[in-house]
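Presented below is the structure to which this report refers.
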């Protein structure tokens with residue numbers, strides 16, 4: 001049910017649609033109860049009227065009206081039951097199929113809701129609400145399948161089997177709350193004819209250092225009366241409480257108003273009603289609509305009061321309004337409507353203005369998951385908000401979700417929901433944004449043998465100044481996850497990774513959590529190149545024109561691989577070896593290979609590599625990859641030329657790891673070779 005929807009939002013002008021029929025006295029009494037908002041009473045009267053009604057069409061209409069009562073109360077399960085009965089009884093207005101779709105959507109039965117909307121669409125194709133309901137159900141299922149990062153749980157120690165909702169922080173540390181409840185300790189013995197339960201009161205509770213809430217205590221009689229009190233909020237200093245009060249008086253329907261009370265220690269002063277109500281709009285004896293005002297919220301600077309009301313000048317239903325306050329927290333001037341970006345022809349309630357200027361509210365008029373949903377709007381100007389966005393699952397559900405508050409600047413707080421999982425009707429739920437959990441793990445291998453490489457050092461440095469390292473285990477594995485009560489890898493950080501081992505070339509890598517909005521484990525494989533003196537390391541071919549040692553552009557591009565290797569391994573000294581094919585004399589090929597090796601060295605020196613780290617060696621045609629006999633046996637000229645090209649190659653091997661790098665900038669790069 002939806003107790004919170006009626007607190008501060010009771011409108012005695014609700015009139016149920018009446019079909020042309022000779023109504024029984026019971027049916028007339030039921031309609032009168034409904035028109036005054038006494039839905040709980042109306043249900044029983046409609047059921048009694050059904051038992052004495054003879055005409056089938058009139059019986060179907062009474063069944064439909066019971067469904068309307070349950071829909072208005074927010075009891076989607078019972079609404080579904082009675083709309084189904086109305087359809088089986090051949091109720092003559094296809095709107096019952098639309099409301100059946102609404103009831104199914106509110107229970108998260110999105111596929112069934114779409115089927116009901118389609119039936120309504122077939123029977124009443126001109127009504128755009130069916131298409132909107134279908135689209136909303138499809139989107140809601142997507143949101144449910146792809147939840148946001150927020151985690152939600154019922155606040156068990158604050159909840160009862162009755163209605164518990166809309167907490168407000170009552171101290172600066174946000175360790176005390178005041179909330180609304182209809183639990184058995186509520187004031188008075190009368191029953192609220194809207195829902196058939198006790199009238200609501202305000203209760204307080206405090207949490208200890210372990211986060212455990214104390215047994216809720218009712219506020220003093222100056223605050224809690226025999227009517228409804230609820231929806232509290234406090235100014236920034238926590239010295240003034242604003243709350244909603246809806247008086248109770250038999251045979252009269254009152255609207256609701258916002259009251260304020262000063263906090264004096266643990267007590268409250270005699271409350272005072274704020275002058276927000278238009279003239280002549282307070283009370284109705286029977287079915288005349290009354291203005292109702294409630295759900296107060298304050299701007300972070302306490303200079304503006306937001307509230308929900310059905311006062312004249314809105315867009316329909318209850319709208320959210322705002323009014324300026326003086327230094328004593330009293331209204332100054334006339335309230336203004338927040339406009340069409342926020343308000344719809346349906347219900348907008350429970351505003352909350354966050355410290356960053358963003359605006360939260362609940363609505364059943366904007367596209368949602370079912371029932372009331374919580375929405376967020378961006379501040380778009382002075383006293384204006386727009387770009388309304390549904391906060392989605394899991395804060396929103398298919399049922400009623402409303403009354404969100406945040407714990408200061410933290411991504412946590414409370415809201416109210418009647419979803420399954422609570423103790424009773426409406427319950428208080430806590431929410432928080434859990435930390436993203438990141439980890440880095442992987443395996444190091446020998447690049448030549450592809451076998452796991454134990455004892456490799458993995459060093460990680462983050463842009464947040466952190467650094468950590470580990471040695472790979474016997475299986476070559478490493479893992480950076482939990483670091484005591486902390487984590488190694490954190491949000492919004494980029495990490496440089498270096499994998500190294502004696503007599504191997506290092507591998508450098510990088511991972512980043514910047515822009516990642518879900519927990520992630522980075523899994524890496526690093527293949528380390530052996531770099532002993534007896535290991536010749538292949539590199540991209542440095543090609544030359546036939547008989548030339550001048551580097552081509554392709555040759556320079558290939559040398560970038562070796563340049564990168566030298567910069568990543570600043571202590572290695574290498575031999576850079578050049579080879580030729582066999583198509584010339586030994587002597588000429590030897591000279592050519594030496595010059596080719598030197599051209600590579602000169603290029604690397606021009607890039608800033610210390611020449612002491614480079615030894616140029618030419619091997620001529622003495623170490624052919626493919627022999628002349630093998631080339632001669634090839635069938636085509638193209639194959640033979642490709643084989644000769646493979647013999648014209650440049651390779652390197654590591655001679656030592658003991659070079660001591662000079663300070664940057666002490667040795668200027670040599671001029672580029674003129675070749």
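Coordinate-derived values only; no laboratory data. Since this is a predicted model, take the numbers as computed values, not measurements. Using ideal geometry, Cβ is built from the backbone for each residue, glycine included, and neighbour counts are taken over all protein chains shown.
Roughly speaking, what is the centre-to-centre gap between region 413-445 and region 568-610 when only Cα atoms are used, to the nearest Å?
62 Å
I need the fraction of alpha carbon pairs in region 66-221 separated by more than 25 Å, rounded to a whole percent. Please list the in-between numbers first.
Working: 6224 of 12090 pairs.
Here the long-distance tail beyond 25 Å is 51 percent of all Cα pairs in region 66-221.
Quick one: helix 76-88 against the long Cα principal axis of the chain, what's the angle to the nearest 10°, folded into 0 to 90?
Rounded to the nearest ten degrees, it is 70.
Applying 1/(1 + (r/R0)^6) with R0 = 22 Å to the Cβ-Cβ distance of residue 533 and residue 508, what FRET efficiency is obtained, to the nearest 0.05?
Details: r = 23 Å, r/R0 = 1.07.
It comes out at approximately 0.40.
Before anything else, pin down the relative contact order of the chain: Cα pairs under 8 Å, at least 6 apart, normalised by residue count, whole percent. Intermediate results must be reported in sequence, preceding the final value.
Numbers: 1583 pairs, mean separation 61.0, N = 675.
Contact order relative to length: 9 percent.
So if each residue of separation counts as 0.36 nm, and I subtract the Cα-Cα distance between residue 491 and residue 437, what length gain in nm does that give?
Details: separation 54, 0.36 × 54 = 19.44 nm, distance 0.82 nm.
That works out to 18.6 nm of additional length.
For residue 466 and residue 115, FRET efficiency with R0 = 56 Å and r from the beta-carbon atoms, rounded to 0.05? Before the final figure, lay out each step's value.
On the way: r = 55 Å, r/R0 = 0.97.
Efficiency, from the Cβ-Cβ distance: 0.55.
In region 151-432, how does Rg compare with the Kirkwood Rh, expressed as the Rg/Rh ratio over alpha carbon atoms?
Working: Rg = 17.5 Å, Rh = 18.8 Å.
Reported Rg/Rh, Kirkwood definition of Rh: 0.93.
Can you tell me the orientation of helix 95-106 relative to the chain, as the angle in degrees between its alpha-carbon axis and the longest Cα principal axis, to the nearest 10?
50 degrees
Once both labels are modelled 7 Å past Cα along the beta-carbon direction, what's the residue 209-residue 473 spacing in nm?
Between residue 209 and residue 473, the label points sit 3.8 nm apart.
Please work out, to two decimal places, the log10 of the ratio I(q)/I(0) at q = 0.12, 0.17, 0.21 Å⁻¹ from a Debye calculation in which every Cα of region 553-656 carries one identical scatterer.
-0.44, -0.79, -1.04
Taking the mean number of other Cβ atoms within 10 Å as a proxy for protection, how do you rank 425-432, 568-575 from highest to lowest? Each step should come with its number before you reach the end.
On the way: 425-432: 22.5, 568-575: 17.0.
Highest mean packing first, the order is 425-432, 568-575.
Need the full-extension length gain, residue 48 to residue 481, defined as separation in residues times 0.36 nm minus the C-alpha distance. One decimal, nm. Spell out each step's value before the answer.
Working: separation 433, 0.36 × 433 = 155.88 nm, distance 6.57 nm.
Difference between extended and current length: 149.3 nm.
Would you calculate, for the chain, the mean residue ellipticity at 222 nm contributed by helices, counting each DSSP H stretch of 4 or more residues as -39,500 (n - 2.57) and dividing by all residues, to the nearest 500?
So the calculated ellipticity at 222 nm is -7500 deg cm²/dmol.
Sorted by average packing, counted as other Cβ atoms within 10 angstrom per residue and highest first, what order do 105-115, 335-345 take? It would help to have the intermediate numbers written out before the result.
Values: 105-115: 20.7, 335-345: 17.1.
Order by mean packing, descending: 105-115, 335-345.
How large is log10 of I(q)/I(0) for the chain at q = 0.08, 0.09, 0.10 Å⁻¹ when the intensity is taken from the Debye formula with one equal scatterer per alpha-carbon?
The Debye formula, applied to the Cα set alone, gives -0.72, -0.81, -0.92.
Given labels modelled 7 Å from the Cα in the Cβ direction, how far is it in nm from residue 622 to residue 355?
Once both label points are built, they end up 7.5 nm from each other.
Round to a whole angstrom and tell me the spacing of the C-alpha centers of region 215-231 and region 315-337.
24 Å
If you wrap a convex hull around the C-alpha atoms of region 52-125 and split its volume per residue, what is the figure in Å³? Each step should come with its number before you reach the end.
Working: hull volume 5.3 nm³, N = 74.
Looking at region 52-125, the number lands at 71 Å³ per residue.
Under a plain spin-label model, where a point goes 7 Å from the Cα along Cα-to-Cβ, how far apart in nm are residue 25 and residue 146?
Computed distance between label sites residue 25 and residue 146 equals 6.1 nm.
Which angle between 0 and 90 degrees, to the nearest 10, do you get for helix 637-647 versus the longest principal axis of the chain when only C-alpha atoms count?
90 degrees
Among DSSP beta bridges whose residues both lie in the chain, state the antiparallel percentage, nearest 5. Mind dumping the intermediate values first?
On the way: 106 of 120 bridges.
In the chain, approximately 90 percent of DSSP beta bridges are antiparallel ones.
Given a Förster distance of 22 angstrom, what is the FRET efficiency for residue 32 paired with residue 340, based on the Cβ-Cβ distance and rounded to 0.05? Intermediate results must be reported in sequence, preceding the final value.
Details: r = 35 Å, r/R0 = 1.58.
Rounded to the nearest 0.05, the efficiency is 0.05.
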